[in-house]
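Since the structure comes first, as structure tokens, the remarks are kept for the end.
Values in this text are rule-based calculations from the coordinates and carry no lab data. These figures come from a predicted structure and were not determined experimentally. Positions of Cβ are backbone-derived with ideal geometry, glycine not excepted, and every protein chain shown enters the neighbour counts.
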Amino acid sequence: MPDNKISTFDVTKIRNNFPVLNQKIYGKPLIYFDNGATTQKPQVVIDTMSKLHSEHNSNVHRGVHYLSEQMTEMYESARKKVQDYLNAQYSHEIIFTSGVTASINAVAYSFGEAYIKENDEVIVSEMEHHSNIVPWQLMCKRKGAHLKVIPINAQGELLLDEYKKLINSKTKLVAIVHVSNSLGTINPVKEIVAIAHKNNIPVLIDGAQAIQHQKVDVQDIDCDFYAFSGHKAYGPTGIGVLYGKERWLNEMPPYQGGGDMIDRVRFEHTTYDDLPFKFEAGTPNYIGAIGLGAALDYLTGIGLDNIQNYEKKLLDYGTDKLTALNGLKLYGAAGNKTCIFSFLLNNIHSYDVGMFLDKMGIAVRTGHHCTQPLWEHYKVEGSVRASLAFYNTLEEIDYLCEALKEIQKMFK
Amino acid sequence: MTIQEIQEEIINEFKTFDNEMDKYNELIKLGTDLSPIDSKYKTEDNLIKGCQVKTWFHSAFKDGKIFYDIDSISIIIKGFIVLLIRVFSGQKPEDIKNADLYFIDEIGLRENFSPLRANSLFKLVDRIKSDAAFYESKQNNE
């Protein structure tokens, strides 16, 4: 694999690693500000995926032949890479899924089956993505349990005192987002976990928007589950991770049955394989997992600290520039946040702003960003969201501001 | 005027615009002037389902013709609504149902009607057509 170590952060060099960035949209240079939806792929991930298909493809865990053994080794090595990236205690605590949504649904089903009874409670927050709300609602409906919601303040920060008040003897799980996809708020997950653990309540963290921006150490956070998606961390689509503490994963029943996850199958009774295979029924997305491994190698090569520092510069610069723009209202002003700018421009609908930004070569997302309850809090239907990554530049932020001024003129 | 004649008229009007942005400026102008939907029709039931941009649809059938009251929260969508109402309002159900909406291609704004876009225009045209089919069959059964 090529060495992607970059000792000094050089955004021009980094941009050269992402071929998709080098193109024009409607004749304008592409400014890709939709990284919250998905990130672009570095050449090393693209090459890895292509090489796997053209030189190595074979199903894992089944064969006695050379290619299968080789692929199995690469697949398990990818699991080890994720373990190292998250600093998990064991590699069998890493379950490959199709993404965060699948990871959370897996816990909602398996944990629900094992531990949730009628009138139990699960705590989520007002800023959750729908994928960390709906699976719990389904589980609550199945079990006759109830969902409790931690409110937020005007800046988009969780009200921890309210969280403490929600905890009681009926609380069985806390499921909380690490970084808000709509506001960029970085939640104090370590503190949230500590509060829950004092009451012997496990915590699941949705890390979809965190893992690509900062170091995540699941042992330090001490969370019980951590979920993320590969495609938001510069890896391929269709691959995700569920980290779970060994204790929980051993106790929880599997949520899907099929090949690869069994020990012995009889019509009367089936016993399951050990971790992690118990939770990986069917042929896994081994090529996606290895591609994700390449993406994580790439990120550690650049250095998560370097990424975080550079993105902080983008955040500070962008916040200053956008708040100086008359008629623009930013949503999310948490003291600790990632480089996400959620805003509305005058009284122009977010779709109209997004459509014109597209015409100017700027890719953003508009609407509710799958966090409808959050926008109900702000009494608006959604926003324009510019979500930046470490390949974005200060000049691109300038261009965004100029484009927004142009749009204001059109709607005058 | 027939649906075809109205479409030709719109195509000719849009020929005067040199570039795409001028066309969108015209849509903004049209959208700003769209009369808001009667508040009694601005209901959850009248929302076009599955669209990120809230758009309300109501139609009335009078003397064999359909008349529309449509509204949206997006000015651009409103601009298109003005054009669609101009083409279809006051026409017969069978003519609406069978109409080929070629003016969208001719004025060069087809991308806005793609089913892949987050707006409501594709579904709105669909709704106009199915609504016309409903009135047509109702008329035939009377």
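Listing for the model above:
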quantity	calculated
Anchor A:K232: aspartates and glutamates whose Cα lies under 14 Å away (excluding residues fewer than 8 positions away in-chain)	A:D34, A:D206
Percent of beta bridges antiparallel (DSSP, the protein assembly as shown, rounded to nearest 5)	70
Of A:I25, B:G108, A:T371, farthest towards positive along the dipole that unit charges on Lys, Arg, Asp, Glu beta carbons give the protein assembly as shown	A:T371
Label-zone membership for region B:51-65, site B:K40, 7 angstrom Cα→C-beta point, backbone N under 17 Å	B:57-62
Nearest-20 debye value, the protein assembly as shown charge dipole, Cβ charges on Lys, Arg, Asp, Glu	660
Mean Cα-pair separation over length for chain A, i.e. relative contact order, pairs under 8 Å, 6 or more apart, %	23
Residue (of A:I167, A:H65, A:P151) at the positive-pole extreme of chain A, dipole from beta-carbon charges	A:P151
Ranked A:T12, A:T319, B:T32, A:T185, criterion: other C-beta atoms within 10 Å, fewest first	A:T12, B:T32, A:T319, A:T185
Peptides A:253-259, B:16-22, A:108-114, A:146-152 ordered by average Cβ neighbours within 10 Å, highest first	A:108-114, A:146-152, A:253-259, B:16-22
Net charge, A:E126 excluded, C-beta distance under 12 Å - Lys, Arg +1, Asp, Glu -1	-3
Helical segments meeting 15 Å axial Cα length and Kyte-Doolittle 0.5 threshold in chain A (DSSP H)	A:100-115, A:286-302
Spin-label pair A:E55/A:K215, simplified geometry with 7 Å Cα→Cβ offset, distance in nm	3.3
Neighbourhood net charge (9 Å Cβ-Cβ; Lys/Arg +1, Asp/Glu -1) for A:K190	-3
Average other protein chain Cβ within 10 Å of Cβ, residues A:352-364	3
Antiparallel DSSP beta bridges within region A:151-304, as percent of all bridges there, nearest 5	60
Relative exposure of B:S89, A:S50, A:S229, judged by other C-beta atoms within 10 Å (fewest first)	A:S50, B:S89, A:S229
Within straight-line cross-link reach of B:K65, lysines at Cα separation under 29 Å, skipping those fewer than 8 residues along the same chain	B:K29, B:K40, B:K42, B:K49, B:K54, B:K78, B:K92, B:K97, B:K123, B:K129, B:K138
Theoretical ellipticity at 222 nm over chain A - DSSP helices of four or more residues, -39500 (n - 2.57) apiece, nearest 500	-12000 deg cm²/dmol
